[in-house]
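S.K.: Attaching a single structure in structure tokens format; questions to follow.
The values are calculated or read from the model by the stated rules, or taken from the named source; none is laboratory data. Remember, predicted model here, so these are calculated numbers, not experimental data. With ideal geometry, Cβ positions are generated from the backbone for all residues, glycine too; neighbour counts draw on all protein chains shown.
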Amino acid sequence: MKNLLFKEIKLCVPTQTWIFIALSMMIVIPSWPVMVSYVYVIAGFMPLFPIAIANRDLLYTSILPVKKKDVVKGKVLLMCFLELVSVIWSIPFAILKLWETGVMPAEDVYPELGVNPALFGFILLMFGMFNLIYVPWYYKKPGTKNAAAQLVSMFACMIYMGIITAIFMGVPGLAEFINNLTNMASLGVNLGILAAGLLGFFGFSALANYLGGRAFQKVDL
């Protein structure tokens, strides 16, 4: 699997995708809705599959000495790798933002989810959801420019972000509680959400790989 992932990174990731991954650093911008920074990461997947189709990557990977289901696994590993890179890359900028603003929420700031472990839990869960929607859908008809799968997956993630944002803005005291990392109860909830997000990310991605592989097995190349 290491060699297959290396092949995917080396041959299948266009420059545009790396640029969009790097835009997760926008989390550092003051008064910027932090979850929006990761919309660009999802947008970075838009050229990933069309370019692979244009380069006949599906056919090339299929003739390698790997199982048919490993073709799907390689792409899922690539997606997970890029998603985790975007999160890890944004962490230093999140720390910088915390250093500038402090861990205590300002009283005059409009209530919203801030920079904290819960944020990364929500983001990882969103990435897992994106993988689960997109991968099985795409591999039902691989080799075609399935714009519907991309648009629906991205739209679902935007709805998810909208719901999370609305909850923190609409529930009195919730944003203040979750953003106050000096409170041990708040820190415990933050770490719990982060753990749930990690489990959701890996669980949904594993399920996406299974369903995508099963769909791809039925495809006649």
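S.K.: For residue 189, all conditions in the list (1) β-branched (Val, Ile, Thr); (2) within 26 Å of residue 76 (Cα to Cα); (3) in contact with a helix residue (DSSP H, G or I) (Cβ under 7 Å, 6 or more places away or on another chain) hold save one; what is the number of the exception?
M.R.: With respect to (1) β-branched (Val, Ile, Thr); (2) within 26 Å of residue 76 (Cα to Cα); (3) in contact with a helix residue (DSSP H, G or I) (Cβ under 7 Å, 6 or more places away or on another chain), residue 189 is out only on (2).
S.K.: Can you pull out every residue in region 26-47 that is surrounded by fewer than 22 Cβ atoms within 10 Å (Cβ to Cβ), over 14 Å from the mean Cα position of the chain (by Cα) and among the hydrophobic types (A, V, I, L, M, F, W, C)?
M.R.: Scanning region 26-47 gives 26, 28, 29, 32.
S.K.: Across region 64-91, which residue is nearest to the chain's Cα centre (by Cα) among those that are aliphatic (A, V, I, L, M), modelled with pLDDT under 90 and surrounded by 19 or more Cβ atoms within 10 Å (Cβ to Cβ)?
M.R.: Within region 64-91, the first condition is being aliphatic (A, V, I, L, M), and the residues that meet it are 64, 66, 71-72, 76-79, 82, 84-85, 87-88, 91.
After this cut, where a residue has to be modelled with pLDDT under 90 as well, the list is 64, 66, 71-72.
This time we only want the ones that are surrounded by 19 or more Cβ atoms within 10 Å (Cβ to Cβ), so: 71-72.
Numbers: 71: 20, 72: 18 Å.
Step by step, filter region 64-91, then rank; the result is 72.
S.K.: Follow-up. Restricting attention to region 171-179, does a residue exist that is among the polar types (S, T, N, Q), at pLDDT 90 or above, more than 16 Å from the chain's Cα centre (by Cα) and farther than 27 Å from residue 46 by Cα? Full working, then the answer.
M.R.: Narrowing region 171-179 to residues among the polar types (S, T, N, Q): 179.
Checking the rest, the ones that are also at pLDDT 90 or above come to none.
Within region 171-179, not a single residue is among the polar types (S, T, N, Q), at pLDDT 90 or above, more than 16 Å from the chain's Cα centre (by Cα) and farther than 27 Å from residue 46 by Cα.
S.K.: Oh, and also: Taking interchain pairs and intrachain pairs at least six residues apart, which have beta carbon atoms under 8 angstrom, with the first residue in region 1-25 and closer than 25 Å to residue 36 by Cα and free of Cβ contacts under 8 Å to residues at least 60 places away in the same chain and the second hydroxyl-bearing (Ser, Thr, Tyr) and part of a helix (DSSP H, G or I)?
M.R.: Note: pairs meeting the criteria are 20/40; 23/37; 23/40.
S.K.: Picking from 190, 209, 183, which residue would you name as being crowded, with 19+ Cβ neighbours inside 10 Å, within 17 Å of residue 115 (Cα to Cα) and not aliphatic (A, V, I, L, M)? Even if it seems obvious, please write down each step before you answer.
M.R.: On the way: 209 fails: within 17 Å of residue 115 (Cα to Cα); 183 fails: crowded, with 19+ Cβ neighbours inside 10 Å.
After applying the criteria, what remains is 190.
S.K.: Looking at region 38-81, which of its residues are touching a helix residue (DSSP H, G or I) at 6+ places or on another chain (Cβ under 9 Å), farther than 22 Å from residue 132 by Cβ and small (Gly, Ala, Ser)?
M.R.: Hit for region 38-81 is 62, nothing else.
S.K.: Out of 207, 113, 191, report the one residue that is more than 20 Å from residue 90 (Cβ to Cβ) and more than 13 Å from the chain's Cα centre (by Cα). Please lay out each step first, then the result.
M.R.: Numbers: 113 fails: more than 20 Å from residue 90 (Cβ to Cβ); 191 fails: more than 20 Å from residue 90 (Cβ to Cβ).
Criteria check complete, one pass: 207.
S.K.: Find all pairs meeting these conditions: Cβ atoms under 6 angstrom apart; at least six residues apart or on different chains; first residue within region 54-76 and under 16 Å from residue 209 (Cα atoms); second residue aromatic (Phe, Trp, Tyr) and part of a loop (DSSP other than H, G, I, E, B).
M.R.: If the second residue must be aromatic (Phe, Trp, Tyr) and part of a loop (DSSP other than H, G, I, E, B), the pairs left are 72/139.
S.K.: Could you tell me which of the residues 154, 126 is surrounded by fewer than 19 Cβ atoms within 10 Å (Cβ to Cβ), in contact with a helix residue (DSSP H, G or I) (Cβ under 8 Å, 6 or more places away or on another chain), at pLDDT 90 or above and under 21 Å from residue 27 (Cα atoms)? Walk me through it before giving the result.
M.R.: Details: 126 fails: surrounded by fewer than 19 Cβ atoms within 10 Å (Cβ to Cβ).
After applying the criteria, what remains is 154.
S.K.: Just the residues that are in a loop (DSSP other than H, G, I, E, B) and more than 18 Å from residue 149 (Cβ to Cβ), please, taken from region 28-82. Lay out the reasoning, then the answer.
M.R.: Of the residues in region 28-82, the ones in a loop (DSSP other than H, G, I, E, B) are 29-33, 44-47, 55-56, 63-67.
Within region 28-82, 29, 30, 31, 32, 33, 55, 56, 63, 64, 65, 66, 67 meet the criteria.
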